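J.: The structure is given below, and queries will be raised subsequently.
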Amino acid sequence: MAKDLWINLPVKDIRKSKEFFIKIGFPLHSGPGNMDHSASFSLGDNRVIVMLFSQQMFESFTQDRIADTKQGTEVLFSLGAETREEVDEMANKAARAGGTIFAKPQEREGWMYGCGFADLDGHRWNVLYMDPSKMPNG
């Protein structure tokens, strides 16, 4: 069984993307991956690693073209927040770091509070706080 998850993303400019993710609070991963053509961040209890690769390097791994994020969404990454305030803070950090907010912080269905932003390369991220005491049964 898999013990951790590595999310690999193509980026146009490693330096700028690395700065963006540091500004929104992603901690650099102490393991492999921080080089001129890549950057590595750990999330949670170091069980999820976000790897940024230059587009050329990413295409060499996948043997495929990179999706055009201006034409559509290739994936939505969801990050769990512990509070509504944490959602608001992440939206503010993402906007200040140069990201695009596509869904302002708001309540949904009476038990979720979240926002959505796109990073510098158009990859979409969702930050979500869920209140278990208000979740519908089922």
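The values are calculated or read from the model by the stated rules, or taken from the named source; none is laboratory data. Remember, predicted model here, so these are calculated numbers, not experimental data. Neighbour counts are summed over all protein chains in view; Cβ atoms, including those assigned to glycine, are modelled from backbone coordinates with ideal geometry. Keep in mind that these areas ignore ligands, DNA and RNA; they rest on the heavy atoms of the full protein, side chains included. Shrake-Rupley method; radii C 1.70, N 1.55, O 1.52, S 1.80 Å.
J.: Quick check: anything in the range 101-116 among the small types (Gly, Ala, Ser) and under 21 Å from Ser40 (Cα atoms)?
T.: No, the conditions are met nowhere in the range 101-116.
J.: Hey, another quick one. When you scan the range 83-108, how many residues do you find that are in contact (Cβ under 8 Å) with a residue 24 or more places away in the chain and out of contact with any strand residue (DSSP E or B) (no Cβ under 7 Å at 6 or more places or on another chain)?
T.: Qualifying residue count for the region: 4.
J.: While we're on this one: All but one of (1) surrounded by 14 or more Cβ atoms within 10 Å (Cβ to Cβ); (2) out of contact with any Lys or Arg (no Cβ under 9 Å at 6 or more places or on another chain); (3) outside any strand (DSSP E or B) hold for Leu120; which doesn't?
T.: Looking at each condition in turn, Leu120 falls short on (2).
J.: Quick one: how many residues across the range 109-138 are without any contact (Cβ under 8 Å) to a residue 40 or more places away in the chain and within 18 Å of the chain's Cα centre (by Cα)?
T.: Residues meeting the conditions: 4.
J.: Of the conditions (1) open to solvent by 80 Å² or more (accessible area, probe 1.4 Å); (2) in a strand (DSSP E or B), Tyr129 satisfies every one except a single condition; which number is it?
T.: (1)
J.: Given (1) within 15 Å of the chain's Cα centre (by Cα); (2) among the acidic types (Asp, Glu); (3) under 28 Å from Lys134 (Cα atoms), identify the lone condition not met by Glu82.
T.: Going through (1) within 15 Å of the chain's Cα centre (by Cα); (2) among the acidic types (Asp, Glu); (3) under 28 Å from Lys134 (Cα atoms) one by one, Glu82 breaks only (1).
J.: When you check Leu52 against the structure, is it of a type outside the set (Ser, Thr, Tyr) and in contact with a Ser or Thr (Cβ under 7 Å, 6 or more places away or on another chain), yes or no?
T.: yes
J.: Ok, one more. Can you give me the ranges of the helices (runs of 4 or more DSSP H) entirely in the range 1-113 with at least 3 residues that are open to solvent by less than 30 Å² (accessible area, probe 1.4 Å)?
T.: Filter on the range 1-113 gives 14-23, 84-96.
J.: When the range 3-50 is examined, which residues are found to be among the polar types (S, T, N, Q) and without any contact (Cβ under 8 Å) to a residue 60 or more places away in the chain?
T.: Asn8, Ser30, Asn34, Ser38, Ser40, Ser42, Asn46
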